[in-house]
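First up is the structure itself, then whatever we jot down about it.
All of the numbers you see were taken from the coordinates with simple rules; none came from a lab. In this text the structure is predicted, and so the values were computed from the model without any measurement. Cβ sites come from the backbone with ideal geometry, for glycine too, and all protein chains shown count toward neighbours.
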Amino acid sequence: MIQLCNVFKSYQRGNSRVNVLHDVSLGIESGEFVAIMGPSGSGKSTLLNILGCLDTADSGDYLFNGESVMMANEDELATIRNRSLGFVFQSFNLIPRIDAKRNVELPMVYAGVNQEVRNNRALAALKIVGLEDRAHHIPAHLSGGQQQRVAIARAIVNDPDIIIADEPTGALDSKSSHEIMKIFQQLQAAGKTIVMVTHENEIAKYAQRIINVDDGKIRTS
Ligand SMILES: Nc1ncnc2c1ncn2[C@@H]1O[C@H](COP(=O)(O)OP(=O)(O)O)[C@@H](O)[C@H]1O
Ligand SMILES: [Mg+2]
């Protein structure tokens with residue numbers, strides 16, 4: 001489904017270039033649940049951002065459903081993100097002033113879906129994460145675990161093939177973290193591919209495969 005081949009990535013910092021990913025090759029099959037682990041600063045988020053078409057590699061190749069996205073422009077990358085990918089971040093990234101249902105509707109607003117379909121699909125997504133009774137609560141009136149469930153509903157509302165999650169339990173207590181992982185398992189059982197960064201062993205156990213990143217290189221996968 002996705003394939004990175006000999007990818008390099010560096011960032012400019014002041015007058016020097018910092019190499020972040022060195023010769024990374026990696027394949028992920030449809031339906032897999034993969035955890036990416038490694039020390040802070042090892043390049044996990046950089047790797048995940050490239051996989052999620054939020055950033056591009058400097059060299060090497062990235063095949064998405066068999067097609068190279070190395071030459072894709074910003075609009076083409078945005079189209080892949082909107083059609084095929086759903087994102088979950090450590091800090092939820094919900095809009096504070098609007099309720100859970102309207103937060104979940106946002107990706108469909110961008111995709112030009114009409115109001116009635118938006119309403120039905122947002123409620124269906126909230127039901128999947130067990131929050132249909134919180135549809136009209138604003139984020140501040142929800143717990144951290146509930147906010148992350150709203151963010152997951154938002155990530156799945158356009159029916160993506162792949163869910164990209166960067167430390168999705170990093171801001172949550174242990175009980176909420178396990179609830180989030182059970183939702184991920186349920187999504188995997190429904191056919192989604194999940195690629196998650198975590199530094200917690202207890203959380204990585206929910207994945208079927210662990211990819212260890214250290215100093216910008218893959219150690220085991
Ligand atoms: N946009 C950026 N500009 C400059 N340096 C960056 C940028 N993003 C990440 N880095 C650097 O790249 C390295 C890896 O970062 P990151 O991928 O965020 O690691 P991790 O998620 O494993 O903690 C770090 O040294 C970080 O400071
Ligand atoms: Mg990170």
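Note the full-extension length gain between Ala171 and Ser10 as 0.36 nm times their separation in residues minus their Cα-Cα distance, in nm to one decimal. Write down the numbers at each step before the final one.
Numbers: separation 161, 0.36 × 161 = 57.96 nm, distance 2.80 nm.
Between Ala171 and Ser10, full extension yields an extra 55.2 nm.
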Open item on the list: Spelling out what I want: for every residue of region 190-203, take phi, set θ = phi - 60°, compute 6.51 cos²θ - 1.76 cosθ + 1.60 (Karplus), and round to whole Hz; glycine and proline get x.
Closed with: 7, x, 6, 9, 10, 10, 10, 8, 8, 10, 9, 4, 4, 7
Open item on the list: If I model a spin label as a point 7 Å beyond the Cα along the Cα-Cβ vector, how far apart are those points for His22 and Arg97 in nm?
Closed with: 4.8 nm
Open item on the list: On C-alpha positions alone, give me the angle between the axis of helix 144-156 and the longest principal axis of the chain, in degrees, nearest 10.
Closed with: 80 degrees
TODO: Identify all aspartates and glutamates with a Cα-Cα distance to Lys127 below 13 Å; exclude those on the same chain that are fewer than 8 residues away in sequence.
DONE: none
TODO: Using 0.36 nm per residue of separation minus the Cα-Cα distance, give me the extension gain between Tyr110 and Asp75 in nm, one decimal.
DONE: 11.3 nm
Open item on the list: On C-alpha positions alone, give me the angle between the axis of helix 115-128 and the longest principal axis of the chain, in degrees, nearest 10.
Closed with: 80 degrees
TODO: Would you please state which residues of region 201-221 a label at Ser40 would reach in this model, taking the label point 7 Å out along Cα→Cβ and a backbone N cut-off of under 12 Å?
DONE: none
Open item on the list: Compute the angle between helix 174-189 and the longest alpha-carbon principal axis of the chain, please, reported from 0 to 90 degrees and rounded to the nearest 10.
Closed with: 80 degrees
Task: Inter-centroid distance (Cα atoms) of region 1-69 relative to region 152-221, Å - done: 17 Å
Task: Loop-exposed trypsin sites (Lys or Arg not before Pro) per DSSP, neighbour cap 14 Cβ within 10 angstrom, longest uninterrupted part of the chain - done: 98-204
- [ ] For region 2-220, calculate the relative contact order in percent as a whole number, restricting contacts to Cα pairs under 8 Å that are 6 or more residues apart.
- [x] 30 percent
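So between Glu67 and Val117, what do we pick up on full extension, going 0.36 nm a residue minus the alpha carbon distance?
Values: separation 50, 0.36 × 50 = 18.00 nm, distance 3.11 nm.
14.9 nm is the gain from fully extending Glu67 to Val117.
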Task: Max mean-square fluctuation residue, GNM over the chain, Cα-Cα springs under 10 Å, options Ala204, Ala140, Ala151 - done: Ala140
